[in-house]
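Here the structure comes first, spelled out in structure tokens, and everything after it is commentary.
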Amino acid sequence: MNKIILHIPHSGQKLPNIFWKNICVEKKEVIDFAKQIADLKTDKLFGNNFYKKIIFKYSRVFCDVEKYEDDSKEEMSKFGMGVVYTKTNEKVKFANVTKHYKDLVLNKVYRPYHERLTQATQKLIDKYNQVIMIDCHSFSENIIMFDDKKQNLPDICIGYNTNFNKTLIDTVNKYFTSLGYKTSFNYPYSGTMVPNNLNYNDGNFTSVMLEINKNLYLKNKQSFKKLQDELNLLYNILKTIDLK
């Protein structure tokens, strides 16, 4: 039974033509920022053709599909890093964004992506009755915004929401710690993606976020392959879990 869906929202670095009309700094600065903040190579690291993958092709600098579209609900919007970014992680303004532009991004990119994600997840639920979403990310020790989150950083951060599945979280944690990795829960990042309109409490869907420290897999081809293989083994374990 294949009830795993891999959600990979931040691996892209593509910036469409419409994005550049709002830029107020040198183009190279924005390109460098997009690369710096990307979850580099996570589309390959987590990618496995046996499982359903939903990958966002654009840079999160253009549209961050894991942020709330309503800025009043999105904590990071006050730093210029809401669903549409206007500032770098160093608080440097790089874009002038109008309401018309934001609405365009929401209607043409953000909302269609979420509809696609919801439909793909619901199809798996209909087929297998149970689905586990793995929200696939990585982080760099150099660009964590808040100083209070730069201490005792883990190898792997395991993120979950309030209504989490304890069996899932415990299984993921035990797996990585058995391999010698240092793990943390909801630190330095917290929460996980839940597609729109899904009832998280039905027991047929749950989600876990994995934030991998980039130092683990970007060193060389050997470290990348090692972690990729370990993730593939994790998927095989998770697909046997009964969520109810």
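Give me the number: length gained by fully extending Glu29 to Asn107, i.e. 0.36 nm times residue separation minus the C-alpha to C-alpha distance, one decimal in nm. Show your work: numbers first, answer last.
Details: separation 78, 0.36 × 78 = 28.08 nm, distance 2.72 nm.
Taking 0.36 nm per residue and subtracting the Cα distance, the gain is 25.4 nm.
Treat each spin label as a single point 7 Å out from the Cα along the C-beta direction, and report the Ser190 to Thr162 distance in nm.
1.2 nm
So for each of 187-193, 235-241 I average, over its residues, the number of other beta carbons within 10 Å; can you give me the resulting order with the highest mean first?
Details: 187-193: 17.9, 235-241: 14.0.
Averaged packing, sorted descending, gives the order 187-193, 235-241.
Rounded if a/c is under 1.5, else prolate if a/b beats b/c, else oblate: with a ≥ b ≥ c from the C-alpha gyration tensor eigenvalues square-rooted, which is the range 95-232?
On the way: a/c = 1.82, a/b = 1.19, b/c = 1.53.
Note, shape of the range 95-232 comes out oblate.
Quick check: the distance between the Cα centres of the range 68-91 and the range 169-233, to the nearest angstrom?
Centre-to-centre (Cα) distance: 25 Å.
Sorted from fewest to most neighbouring beta carbons within 10 Å, what does the list Ser207, Ser140 look like? Before the final figure, lay out the partial values.
Working: Ser207 26, Ser140 16.
The most exposed by this proxy come first: Ser140, Ser207.
Any chance you could run the full-extension gain for Leu153 through Asn236? It's 0.36 nm times the residue separation minus the Cα-Cα distance, nm to one decimal.
On the way: separation 83, 0.36 × 83 = 29.88 nm, distance 2.73 nm.
The Leu153-Asn236 span can extend by a further 27.2 nm.
Quick check: residue separation of His100 and Lys221 times 0.36 nm, minus the Cα distance between them. What number comes out in nm?
On the way: separation 121, 0.36 × 121 = 43.56 nm, distance 4.40 nm.
The span from His100 to Lys221 would gain 39.2 nm if fully extended.
Read-outs: derived from the displayed coordinates by stated rules, not from any lab. Quick caveat, the model's predicted, so the values are computed rather than measured. Virtual Cβ from ideal backbone geometry, glycine too; neighbours counted across all protein chains shown.
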